[in-house]
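Peer 1: Attaching a single structure in structure tokens format; questions to follow.
The values are calculated or read from the model by the stated rules, or taken from the named source; none is laboratory data. None of the values given here were measured: they were computed from a predicted structure. Ideal geometry is used to build each Cβ from the backbone, glycine not excepted, and the neighbour counts take in all protein chains shown. Protein only, heavy atoms only, side chains kept; ligands, DNA and RNA dropped before computing areas. Shrake-Rupley method; radii C 1.70, N 1.55, O 1.52, S 1.80 Å.
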Amino acid sequence: MVSRVIPVEPFDLVIFGGTGDLARRKILPGLFRRFCAGQMPEGSQIIGAARSDMDDAGYRKVVADAVGEFGGGRDCESGTLDAFLNTIHYVTTDAMGDGGWETLNGKMRDGHVRAFYFSVGPSLFGHLAERLHRFGLATPDSRIVVEKPFGHDLETAKALNATLAEHFDETQIYRIDHYLGKETVQNLMAVRFGNMLFEPLWNSQYVDHIQITVAETVGVGGRGGYYDKSGAMRDMVQNHLMQLLCLIAMEPPAKFDPDAVRDEKLKVIRALEPVDWHHIVRGQYAATEDEPGYRDDVENPKSRTESFVAMKCHISNWRWAGTPFYLRTGKRLKARASEIAVVFKDAPHSIFGADAGRHRNVLAIRLQPNEGMTLDVTIKEPGPGGMRLLDVPLDMSFADALGPDAEEAPDAYERLIMDVIRGNQTLFMRGDEVEAAWAWTDPLIEGWQTRNDVPKVYDAGSSGPEDALMLMHRDGRKWREIKA
Ligand code: BG6
């Protein structure tokens with residue numbers, strides 16, 4: 001298959017927090033895979049910047065270990081690692097002081113794209129932005145990449161936006177939501193806007209409801225300190241699920257360009273109705289014989305933070321009035337499975353009579369694992385005995401459809417980093433989007449606090465609390481099974 005990778009210019013990429021967990025797990029192995037795919041042009045350099053005292057050789061060892069542990073790709077031939085390591089440098093840098101900044105500045109080259117990845121806690125974002133300016137590293141076309149959490153609520157998100165805006169223009173700020181870098185999430189736009197088949201039916205006249213599920217099997221062990229202050233609502237719904245909701249519900253943008261797409265997403269968030277608290281279920285996973293429960297994991301026996309949330313939302317606009325969107329996400333559930341299901345309405349009249357049962361078309365877009373799409377269609381059950389109906393899936397696994405020679409899909413981070421280098425903000429959140437998302441989630445979280453809401457306990461390995469099942473059951477609907 002011919003490579004359709006868009007070439008990029010040689011670049012200087014500085015990773016603040018270059019020795020941290022995210023850099024080692026995702027950013028550095030991802031860059032190595034892009035290097036192997038021939039996408040890192042000659043003359044590019046990657047500079048790790050962190051507090052630890054280290055030289056280039058020491059950091060190259062960190063990078064080599066990270067690549068060894070978290071993976072090269074199919075295209076990585078032996079010997080490539082040494083060539084990649086030659087592009088790596090390190091500068092000991094004090095994010096809150098003045099140490100290292102002059103040296104870092106000395107490494108930056110005029111005429112190259114400059115990207116600064118803030119792979120550090122949000123409390124350092126402002127310090128880094130200010131120093132990049134003060135020490136003359138930031139040029140007008142430099143870019144900064146910021147990780148979630150982007151604020152803890154509307155007020156902190158606004159403050160963060162304001163701090164970054166003191167030093168950088170919005171066109172220079174790349175707020176990462178790694179869900180937007182996932183292959184299938186982008187495919188969602190291709191499916192919706194590249195086919196004639198779906199868009200005419202994509203509205204409340206034909207769609208009964210939409211379900212979005214992001215289920216995980218992992219617990220929060222190891223991240224308890226952060227997670228207990230966040231919960232599923234802040235950690236997953238405000239960002240990842242909200243982005244999925246936007247892409248599934250937005251109007252067709254006039255073109256696939258950053259502001260056209262983000263304008264449409266913003267309109268969806270602003271059209272979200274406040275959620276009735278009877279329409280939200282929160283949960284915490286229980287301990288099993290072998291594994292700790294949520295409260296053990298976060299070492300807070302009285303914690304009221306949710307590790308699961310399910311809710312019914314409505315979007316107040318012409319396209320979606322009357323169509324519920326059911327969202328759910330949680331930890332320690334029965335399978336790692338993320339999907340969006342568009343459940344169409346029943347045919348207006350069954351010519352086959354009541355015995356034929358109720359049959360519905362469902363378009364399910366599987367985000368992970370086994371990325372693909374299925375469309376349930378109704379057919380006649382084969383054989384004699386009259387007209388009995390049966391739902392069968394038209395099944396398209398992307399891996400099968402594209403075949404073994406297809407290019408290996410880059411991981412979300414790889415793709416997003418290359419988009420930063422190319423200067424393409426389409427898959428990054430704009431400041432106003434993030435604020436609008438907080439403006440919608442804040443009252444829900446405040447409501448739980450005022451009501452002293454206690455999350456329901458659910459069994460690890462289940463589909464979440466019973467009440468979440470009831471949330472749909474009451475409406476005469478049911479969740480799709482969580483299966484890998
Ligand atoms: C992160 C959350 O943003 O996304 C984690 O902080 C969560 O709690 C993770 O586990 C899920 O990402 P993925 O790509 O594994 O679905």
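Peer 1: Assigning unit charges at the beta carbon (Lys, Arg +1; Asp, Glu -1) and nothing else, what dipole magnitude in debye, to the nearest 20, does the stretch 329-377 show about its Cα centre?
Peer 2: Values: 8 positive and 5 negative charges, 81 e Å.
Here the stretch 329-377 has a charge dipole of around 380 debye.
Peer 1: Using modelled backbone amide H atoms (1.01 Å from N, in-plane), which distant-in-sequence or interchain residues come within less than 5 Å of VAL113's amide H?
Peer 2: ASP12
Peer 1: Still on this structure, I have one more. Given GLY136, LEU244, GLY464, which one lies farthest toward the positive end of the charge dipole of the chain, if we put +1 on the Cβ of every Lys and Arg and -1 on the Cβ of every Asp and Glu?
Peer 2: GLY464
Peer 1: Over the stretch 65-194, what relative contact order in percent results from Cα pairs under 8 Å that are six or more residues apart? It would help to have the intermediate numbers written out before the result.
Peer 2: Numbers: 98 pairs, mean separation 24.8, N = 130.
For the stretch 65-194, the relative contact order is 19 percent.
Peer 1: Quick check: at a probe of 1.4 Å, how many percent of the accessible area of the chain sits on carbon and sulfur atoms? Don't skip to the end; give the middle numbers.
Peer 2: Numbers: 11340 of 21740 Å².
In the chain, the share of accessible area belonging to carbon and sulfur is 52 percent.
Peer 1: List the residues of the stretch 331-370 whose backbone N lies under 17 Å from a point placed 7 Å from the Cα of ASP467 along the Cα-to-Cβ direction.
Peer 2: 331, by backbone N distance to the label point.
Peer 1: Please give me, ordered by residue number, the GluC sites (Glu not before Pro) of the stretch 244-352 that lie in loop per DSSP and have at most 11 other Cβ atoms within 10 Å.
Peer 2: Here the GluC sites (Glu not before Pro) that fit, given the DSSP loop and packing criteria, are GLU289, GLU299.
Peer 1: Give the percent of DSSP beta bridges with both residues in the chain that are antiparallel, rounded to the nearest 5.
Peer 2: In the chain, approximately 55 percent of DSSP beta bridges are antiparallel ones.
Peer 1: Size of the dipole of the chain about the Cα centre, Lys and Arg at +1 and Asp and Glu at -1 on the beta carbon, nothing else charged, in debye to 20? List each step's numbers first, then the result.
Peer 2: Details: 56 positive and 71 negative charges, 196 e Å.
Roughly 940 debye for the chain.
Peer 1: With Cβ to Cβ distances under 15 Å as the rule, what net charge do the other residues near ASP55 carry (K, R +1; D, E -1)? Intermediate values should be presented prior to the final figure.
Peer 2: On the way: positive: ARG51, ARG60, LYS61, LYS107; negative: ASP53, ASP56.
Around ASP55, the charge tally is +2.
Peer 1: Filter the DSSP H helices in the chain by two things, a Kyte-Doolittle mean of at least -0.5 and an axial alpha-carbon span of 18 angstrom or more, and list the hits by number. Don't skip to the end; give the middle numbers.
Peer 2: On the way: long enough: 56-70 (21 Å, -0.01); 154-167 (21 Å, -0.03); 258-271 (20 Å, -0.61); 431-451 (30 Å, -0.67).
Length and hydropathy pass: 56-70, 154-167.
Peer 1: Let me ask you something else. Between GLY231, THR80, LEU390, whose Cα lies farthest towards the positive end of the dipole of the chain when Lys and Arg beta carbons carry +1 and Asp and Glu beta carbons carry -1, centred on the Cα centre?
Peer 2: Toward the positive end, the furthest listed residue is LEU390.
Peer 1: At a threshold of 8 angstrom on Cα-Cα distance, excluding pairs fewer than six apart, so keeping six or more, what relative contact order does the stretch 260-404 reach in percent?
Peer 2: Working: 214 pairs, mean separation 20.8, N = 145.
Across the stretch 260-404, relative contact order equals 14 percent.
Peer 1: Still on this structure, I have one more. Name the residue from ALA50, TRP101, ALA409 whose Cα lies farthest towards the positive end of the charge dipole of the chain, charges +1 on Cβ of Lys and Arg and -1 on Cβ of Asp and Glu.
Peer 2: Looking along the dipole axis, the top candidate is ALA409.
Peer 1: State the cysteines of the chain left without a partner when partners are defined as other cysteines whose beta carbon lies under 4.7 Å away.
Peer 2: Among the cysteines of the chain, those whose Cβ sits 4.7 Å or more from every other are CYS246, CYS313.
Peer 1: List the GluC sites (Glu not before Pro) within the stretch 414-484 that fall in a DSSP loop (any state other than H, G, I, E or B) and whose Cβ has at most 15 other Cβ atoms within 10 Å. Present the calculation step by step, with values, prior to reporting the outcome.
Peer 2: Working: sites: GLU414, GLU433, GLU435, GLU446, GLU466, GLU481; in loops: GLU481.
Listed in order of number, the matching sites are GLU481.
Peer 1: Give the shape of the stretch 70-210 as rounded, prolate or oblate, defined through the alpha-carbon gyration tensor: a ≥ b ≥ c are the square roots of its eigenvalues, a/c under 1.5 means rounded, and otherwise the shape is prolate if a/b is larger than b/c and oblate if not. Could you put the intermediate results ahead of the total?
Peer 2: Numbers: a/c = 2.60, a/b = 1.48, b/c = 1.76.
Oblate.
Peer 1: Oh, and also: Defining a contact as two alpha carbons under 8 Å apart and six or more residues distant in sequence, what relative contact order in percent does the stretch 202-271 show? Spell out each step's value before the answer.
Peer 2: Numbers: 25 pairs, mean separation 17.3, N = 70.
After rounding, I find 25 percent.
Peer 1: Mind putting a number on the dipole of the stretch 326-442 about its Cα centre? Charges go on the C-beta only, +1 for Lys and Arg and -1 for Asp and Glu, and I need it in Debye to the nearest 20. All intermediate terms of the calculation are to be shown ahead of the outcome.
Peer 2: Values: 14 positive and 19 negative charges, 122 e Å.
Here the stretch 326-442 has a charge dipole of around 580 debye.
Peer 1: Moving to a separate point now. Tell me, how many Å apart are the Cα centres for the stretch 11-76 and for the stretch 261-285?
Peer 2: The two parts, judged by their Cα centres, are 37 Å apart.
Peer 1: Tell me what the chain gives for mean residue ellipticity at 222 nm when only DSSP H runs of n ≥ 4 count, each as -39,500 (n - 2.57), the sum divided by the residue total, rounded to 500 deg cm²/dmol. Intermediate results must be reported in sequence, preceding the final value.
Peer 2: Values: 15 runs with 153 residues, N = 484.
Result for the chain: -9500 deg cm²/dmol, rounded to the nearest 500.
Peer 1: Now for a separate question. How would you classify the stretch 27-127 from its alpha-carbon gyration tensor, with a ≥ b ≥ c the square roots of the eigenvalues: rounded for a/c under 1.5, else prolate if a/b is greater than b/c, otherwise oblate?
Peer 2: Prolate shape, in that a/c is at least 1.5 and a/b is the bigger ratio.
Peer 1: GLN205 to VAL457: extension gain in nm, 0.36 nm per residue of separation minus the Cα-Cα distance?
Peer 2: On the way: separation 252, 0.36 × 252 = 90.72 nm, distance 3.72 nm.
Result: 87.0 nm gained on full extension.
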